[in-house]
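Comments concern the structure below.
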There are 2 protein chains.
Amino acid sequence: MSFEKLDQLGRRIEALDHALAILGADEATHMAVGGGEARAEAMASLAGMRHRMATAPEIGDWIVAAEAEALNEEQAAALREFRRDHVNLTCLPPEFVERQTRTRMRCEQLWRELRTRNDWAGFQPALEGVVTMVREEAAMRAGALGLDPYDALMEQYDPGNRLADVSPVLEELKGFLVDFVPQALAVQEERLAKTPLKPLSGSYPVEKQRDLGLAMMAAVGFDITHGSLSVSHHPFCGGVPTDVRITTRYRSTEFLSSLMGVLHETGHALYEQGLPRAWSHWPLGKARGMAIHESQSLFVEKQIGRNPAFWTWALPVVERHLGESWTLDDILPHVHRVERGLIRVDADEVTYPLHVILRFELEQDMVAGRLEVADLPEAWDAKMQAYLGLSTIDTPADGPMQDVHWPAAAFGYFPSYTLGAMIAAQQWAAIEREHPGASEDFTRGHFDHVNDWRRAHVWSQGSRWSTPELIERATGEPLNADHFRRHLQARYGA
Amino acid sequence: MSFEKLDQLGRRIEALDHALAILGADEATHMAVGGGEARAEAMASLAGMRHRMATAPEIGDWIVAAEAEALNEEQAAALREFRRDHVNLTCLPPEFVERQTRTRMRCEQLWRELRTRNDWAGFQPALEGVVTMVREEAAMRAGALGLDPYDALMEQYDPGNRLADVSPVLEELKGFLVDFVPQALAVQEERLAKTPLKPLSGSYPVEKQRDLGLAMMAAVGFDITHGSLSVSHHPFCGGVPTDVRITTRYRSTEFLSSLMGVLHETGHALYEQGLPRAWSHWPLGKARGMAIHESQSLFVEKQIGRNPAFWTWALPVVERHLGESWTLDDILPHVHRVERGLIRVDADEVTYPLHVILRFELEQDMVAGRLEVADLPEAWDAKMQAYLGLSTIDTPADGPMQDVHWPAAAFGYFPSYTLGAMIAAQQWAAIEREHPGASEDFTRGHFDHVNDWRRAHVWSQGSRWSTPELIERATGEPLNADHFRRHLQARYGA
């Protein structure tokens, strides 16, 4: 039976994915500094095996044959995802992938070097090479999938998401935020004029911060028998669903940024830990995509972790670990701090979407050929001025050279971040409709209700539904900006 | 070119070996407790891929074809080891390997359960099944290799070692030790009657013991940029040569056992770190075998770490870390403690070889069909009485049920431990001949000379020579018991 062959193939690929995931997490947390070269070679070789295994010529035939077999509903769903995976993996010719990998890696290396020197002129030709190939890639993916080029790129990250649906929602959000950011800043300024910000700085030993992080992780649902917390330079969530590795970094003078990072990665981890175990060797058993994944991390970080009700419970926990007794009035101005800035990854939840929308608009134009790389600094600056009132014309390093995504040829990825924020708000609204006491639960450190809801509607579903289907089935309505807008107004408005 | 194909195959196998080694070390040190089942499945699947890759039918043809190619000396050496590996991997039919794996795993599971209950009667049939298959295995290996059956089993662990060479040496050692153990005990008793043993117990925080271990590792040559020290239930040396993972366990009331364990594993690690990097993807680049590997761990633990000269330097280091100022007279009676006991892994360097020789003799008889499993408890007891004056007739759990090796079908492995001890002593004698101040160096914490010698004669040689060739090329004489005997006499004699 051909489905059986796909099932067996899935187990072999799962073993290689397991190795790659653990080797990757280990590299960032426990590897000896001199182990990098051999590790890179081993991982490249394993990734090559995985790719050859997943794109072997007979797999297409197995999929076609399995579609004629008598499958139960679960198997049929699995087969759809086997096909989706296979099409996405095989729609680019191997020689193109090799050429693109070389172009992309050279551009990433240049980016690392030239960004620190603010050297746009040196970087531009390399990025032009990447964009030329991204246009080719988009055209080939579009042909294979029967989609528009930018939709075909997004399809890699968020299956089912289409510009026609996503664009109006982000456009509406942009319109709202361009007005709302100044309002939120004014509200904050007024409040700070009355009550100046109380610094949270002190001396917080790493070991105590780590214990605090572990206590918070466990409280919001992280299963410590199936995961761990380590230290790495860049925080991440990695590993495998039965052993999820999350990381943070610590500053001994300040605890909040590490703790919020831990909560963010815990949100990713809960999704991984909650995926259907029985499907773990099928594409069907994987998380649905980047927007849904980000919705889960932002749910824990923003909807739970920046909710005042959460801090009612959390402040005594912080006090037990760090020995500081702050009040809600001390902590919330930090947790809800809004600031205009040039850097996306440093942005708060009010300004962050404008950083994303700027990139989303520019990359659509680049993919469509309406914008050339040479004109990117001016185009970036114009939008930055229009959306956030800031200029990057003299600092391309903080403008179009800011992120690794474009040098890495990851076009179509940026919208996932803000879609995730909207989806999280929409899920929270759905939960509150069902269970109006959800926020009240947080004051007692109870997170079962929000976790049960997300387990039922998101985590346990794996890749059963497309991104928009999953959103609508879970929340009862298609993706929209209303809930996120109301969330921001309630938290940051007058 | 066929050699090129083998070279490429070697790189793919190296990647899988890298993954298996890191996943294995990670499992014992950093894996979440609930991650075991998925880890076991992933590792079994990767090990299966590795086996299929290394035994693919075309490889035999590549080897034959490569033997007709123009190869340089290094490539010719590599090819010899490719062939050796291939013969060892393919000389058993796959159906036999499967049947043996099932038999062995059932016996290991039973062993874990029944050993704690001292239940020989329940265990005997399972071990009989294993021994029956080991006899078949030995016959098949013997046929493929043109060796005697027990030699063919040893060949897996120490290529080139033959009973005809090894047996007389171990026989001579046994004769010496049966007399020497009572002498050494009498010497010790007399000394303790004059100066009672001073306890080394106290309170030694794990973090301080760890720092002490790291300081000692670095001093004796461990390259911390290519390895690390972690905690695990059973100490081991794992990982890959560019990232060697060694482990220990700590008791907060006693530091010596953990420290000696760290030195032992450091000896293994130095060998791995010193292997020729350029050959890492060939069997030629691997450590030669178990006896040589054990010689390197025992060199650091016994020849360096239990040498009084070492402790002249080490005691102030211990004091800096643990705050205890002991004298040589305090520490050496612990470091050189001799005790008759039933348990091999707890034995000191004087009694240990008798535990090994007992097993070596019994397993030869079992493989040859001269001894049946049913008669093992009596045979074990008789030798235990003759060699160490102890009885195990009522405690088979501490007799023939003591070790995992036989349930795991690892016959031919035991001699490696004591061969390693003899080789270490023989290497030390060769070093002292060349550099009479070697011991004196230790008092100043200088280990360059012993490391340079071992790097040149052992580590950098990989699998270039058979076990006996390596011994003779390094030390100028074939394996013999003289140096080990003199070492024991000097350290423990009257």
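The values are calculated or read from the model by the stated rules, or taken from the named source; none is laboratory data. For clarity, every value in this text was computed on a predicted model and none was experimentally measured. No Cβ is skipped: glycine too gets one built from the backbone with ideal geometry, and neighbour counts run over all protein chains shown.
I'm checking my understanding of the structure. Among residues of segment B:109-149 that are of a type in the set (Asp, Glu) and not in a helix (DSSP H, G or I), which one is farthest from B:ASP365 (Cα to Cα)?
Within segment B:109-149, the subset of a type in the set (Asp, Glu) is B:113, B:119, B:128, B:136-137, B:148.
Then keep just the ones that are not in a helix (DSSP H, G or I); that gives B:119, B:148.
Details: B:ASP119: 23, B:ASP148: 13 Å.
In this case the residue turns out to be B:ASP119.
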If you scan segment B:180-228, which residues turn out to be surrounded by fewer than 20 Cβ atoms within 10 Å (Cβ to Cβ) and within 28 Å of B:ASP452 (Cα to Cα)? B:ARG210, B:ASP211, B:LEU214, B:ALA215, B:ALA218, B:ALA219, B:ASP223, B:ILE224, B:THR225
Within segment B:244-263, can one find any residue that is over 25 Å from B:THR443 (Cβ atoms), within 14 Å of chain A (Cβ to nearest Cβ) and charged (D, E, K, R)? yes
So, in segment B:449-481, of the ones that are touching a residue at least 12 places away in the same chain (Cβ under 8 Å) and of a type in the set (Asp, Glu), which residue ends up nearest to B:THR327 (Cα to Cα)? B:GLU477
Single condition B:ASP151 does not satisfy, out of (1) touching a residue at least 60 places away in the same chain (Cβ under 8 Å); (2) crowded, with 20+ Cβ neighbours inside 10 Å: (1)
Selected residue [within 14 Å of chain B (Cβ to nearest Cβ) and surrounded by 15 or more Cβ atoms within 10 Å (Cβ to Cβ)] from A:THR103, A:THR29, A:THR90: A:THR29
Is it true that B:SER45 is without any contact (Cβ under 8 Å) to a residue 24 or more places away in the chain and either more than 11 Å from chain A (Cβ to nearest Cβ) or under 30 Å from B:LEU229 (Cα atoms) (or both)? yes
Whichever residue in segment B:58-87 is exposed (fewer than 13 other Cβ atoms within 10 Å of the Cβ) and in contact with a helix residue (DSSP H, G or I) (Cβ under 9 Å, 6 or more places away or on another chain) and, among such residues, is farthest from B:PHE123 (Cα to Cα): B:ALA68
Restricting attention to segment B:301-319, does a residue exist that is of a type in the set (A, V, I, L, M) and in contact with a Cys (Cβ under 9 Å, 6 or more places away or on another chain)? no
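Return yes or no: is A:THR55 away from chain B (no Cβ under 13 Å) and out of contact with any Phe, Trp or Tyr (no Cβ under 6 Å at 6 or more places or on another chain)? Show your work before the answer.
Working: away from chain B (no Cβ under 13 Å): yes; out of contact with any Phe, Trp or Tyr (no Cβ under 6 Å at 6 or more places or on another chain): yes.
Yes, satisfied.
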Going through segment B:199-228 one residue at a time, which ones are touching an Asp or Glu at 6+ places or on another chain (Cβ under 9 Å), hydroxyl-bearing (Ser, Thr, Tyr) and in a loop (DSSP other than H, G, I, E, B)? B:SER201, B:TYR204
Restricting attention to segment B:232-244, does a residue exist that is part of a helix (DSSP H, G or I), in contact with a strand residue (DSSP E or B) (Cβ under 8 Å, 6 or more places away or on another chain), small (Gly, Ala, Ser) and crowded, with 19+ Cβ neighbours inside 10 Å? no
Condition check: free of Cβ contacts under 8 Å to residues at least 12 places away in the same chain, closer than 22 Å to A:HIS321 by Cα and of a type outside the set (Gly, Ala, Ser). Does A:ILE246 satisfy that? no
Subset of segment A:205-218, residues more than 22 Å from A:THR443 (Cβ to Cβ) and under 29 Å from the mean Cα position of the chain (by Cα), comes to A:VAL206, A:GLU207, A:LYS208, A:GLN209, A:ARG210, A:ASP211
Determine whether segment B:311-321 contains at least one residue that is closer than 20 Å to B:ASP403 by Cβ, assigned by TED's automatic domain parsing to the domain that holds B:ARG191 and within 25 Å of the chain's Cα centre (by Cα). no
